[in-house]
Every structure is written in C-alpha cells, then in structure tokens.
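The values are calculated or read from the model by the stated rules, or taken from the named source; none is laboratory data. Everything numeric in this text was worked out from a predicted model, so none of it was measured. Please note: Cβ atoms are built from the backbone with ideal geometry, for glycine as well, and neighbour counts cover all protein chains shown.
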C-alpha cells in the first residue's frame, strides 16, 4: 500500500476532526500527513485569516513540524528580503501544490534566498485557500528539486479541497475550544441530522433533513463517506479522496461525533460554500471569475491561463448561470468584494 496515499486519507479525516481545539487542529493535520508534508527538512504551515483593510494578508496561526523551530519565520524572512508577498490572486488559482522552482522560474533570486535562509533547493507550496484568503498554506522545503507527476497534482488538489472544507466548517462553527462529548439530547454543532453508522439510520433530524428525498440522499452520502474512509481508502486512496470530496461539495458536511458512552454518530452539519466559494464553482471557474472581477478582458485572461478565449467565455457563462446573474457586469459586481482590489493584482 502506498504510504503517501494512505497519509492523504488520514489528512482528509483530520481536516474534519471537530474534537480538537483551534490550537491542536493544525499541528494534528501536519502530524497525520507527515509522509506527505516532510521531505527531510520538516514543514511550516499557517492559517491565513484574510486581508487587513490595506489588503495585507494576515496570519492567525503558525505551526512547524520537525525541521527548525523557527522554520515559518525563516520562510517569512526569505520572502521579505526578495520583496515577495503572498499573491492576492493565489486563492483564485487552482488549489493544490506548486513548487517554487516552477512558479519562480523567471526569478532565480527567490530560490537562492530560500537556499540561503532555509537551506533548501526547492519548496513545495500546498494551498487550500478561499477567494478571501481564509484557509491553510503549507511550505515544504526540499533538499532537491521537486517534480510533480500529473497523478500527484490530482491528489494534492483533492486533498486541499478537503482541508479547505474542514477549515471552512470550523470557521462556520466559530470553534473556540474542544468540541467535547455530550449526551444525545440535541443535535450537536447545530447539525441538521444525526446518523447511526451501524445501520445508517437517522437518530434525529430536523428541517429539510426530515424530507424523504433529502434524508435518503444524506444517508447515501454517509455510506459513501464511510466507504471512502474504510475499504475504498485502503484499496484505492486516490479514488476514495475523489468520492469523498464529491459527497461533501454541496450543502452539508458529514463529520464524526461521539456521545458520552463513546458511541459514534455521523453529524450532518450545514456547511454551504456561500460567497467565499460561490455555489461550488469549479476551480477553473473561480479562477476566471476572479480575474474578470479585476477588470481583465477575456483576451488577457486567455493569455494568462493559456486557454482559448472561447474557453474563457464558456467558463464565465457557466459561472453566471451558477451565481444567478445574467451579465458579466453583474458577475463582477457580485464577486468584486471577495477577490480584493484590481490594483493588488496588477
């Protein structure tokens, strides 16, 4: 069994672990993904908390696993010394992993600064951010240059989607401490349903979750998630990640919860993408919309992304349909507050 693929399943599970407090969640994520996140020099991760009034990215928490204790600060100093800052457009690009050597091919000074300050030849950047720069960023230094296969990139994209959704869920719940066990007297975490995974029957439900067709869909989703985390996760971890991601892409997230007797339940918690991740636009649609919201023409977007203008038009049309607007002006107006100022992206 591929240990890296297995670690990816473990990380996805850790992303939705609501038993951990805010200070424990990120270190646990790094620990579960150690085979993925450590290439011999440790890793440094940050929880990004959007931008300040003057459009400066803000960090809510730093965490380092293995490596130098101040690895995160070493990365920050290296970036500062070459005038590098987190690109405002980063969140609008495809989630996943990118290497410093590929993203800075025309700026070798950045790689030299990383080697000088951090002692690495390359860095794998793992990004799970929404368009408002809320989410997780992980820097993984490497003693050698990194080349990612197509399959590895797909895995990282799926994994980052799980990390981003897990973080979004915690934000929506306003997690300020450990979500402890309690008796089944009310739906935990403001959930809409509680499912007993022994036979996948509803222990409790309210509102829309009580409707027959919705309840059946949620039951099937719970079965698929359990399958992805169990047998499928062992036999084909990459397929399991994709299945699991598809199930959670909609209105609810499904997470484990334990009552005071230690019995496991699956809680169905409202976790709609909302405006931070508008109605589950695809990564490419979000990318094109974000660039259009900055005032860029379809021709310029086509050049930047390396796709045809026809493809850009198709993506914009699809995004407009999903967001319930008719014109590009309406689309830009709806999205502008969530992608920052155009000048920041110039």
May I ask you to list the residues in the stretch 92-111 that are closer than 16 Å to residue 75 by Cα and buried (at least 22 other Cβ atoms within 10 Å of the Cβ)?
-> 100
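Got at least one residue in the stretch 210-225 being part of a loop (DSSP other than H, G, I, E, B), modelled with pLDDT of 85 or more and more than 14 Å from residue 12 (Cβ to Cβ)? Spell out how you get there, then give the answer.
From the stretch 210-225, those part of a loop (DSSP other than H, G, I, E, B) are 211; that's our starting set.
In the following step, the residues that additionally are modelled with pLDDT of 85 or more were identified as 211.
Next, from what is left, pick out any that are more than 14 Å from residue 12 (Cβ to Cβ): 211.
The answer is yes; a qualifying residue exists.
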Residue ID - nearest to residue 214 (Cα to Cα), chosen from residues in the stretch 232-253 that are surrounded by fewer than 22 Cβ atoms within 10 Å (Cβ to Cβ) and at pLDDT 80 or above = 242
Which ranges mark the strands (runs of 3 or more DSSP E) fully within the stretch 112-197 that have 3 or more residues being crowded, with 24+ Cβ neighbours inside 10 Å, modelled with pLDDT under 90 and out of contact with any strand residue (DSSP E or B) (no Cβ under 7 Å at 6 or more places or on another chain)?
-> none
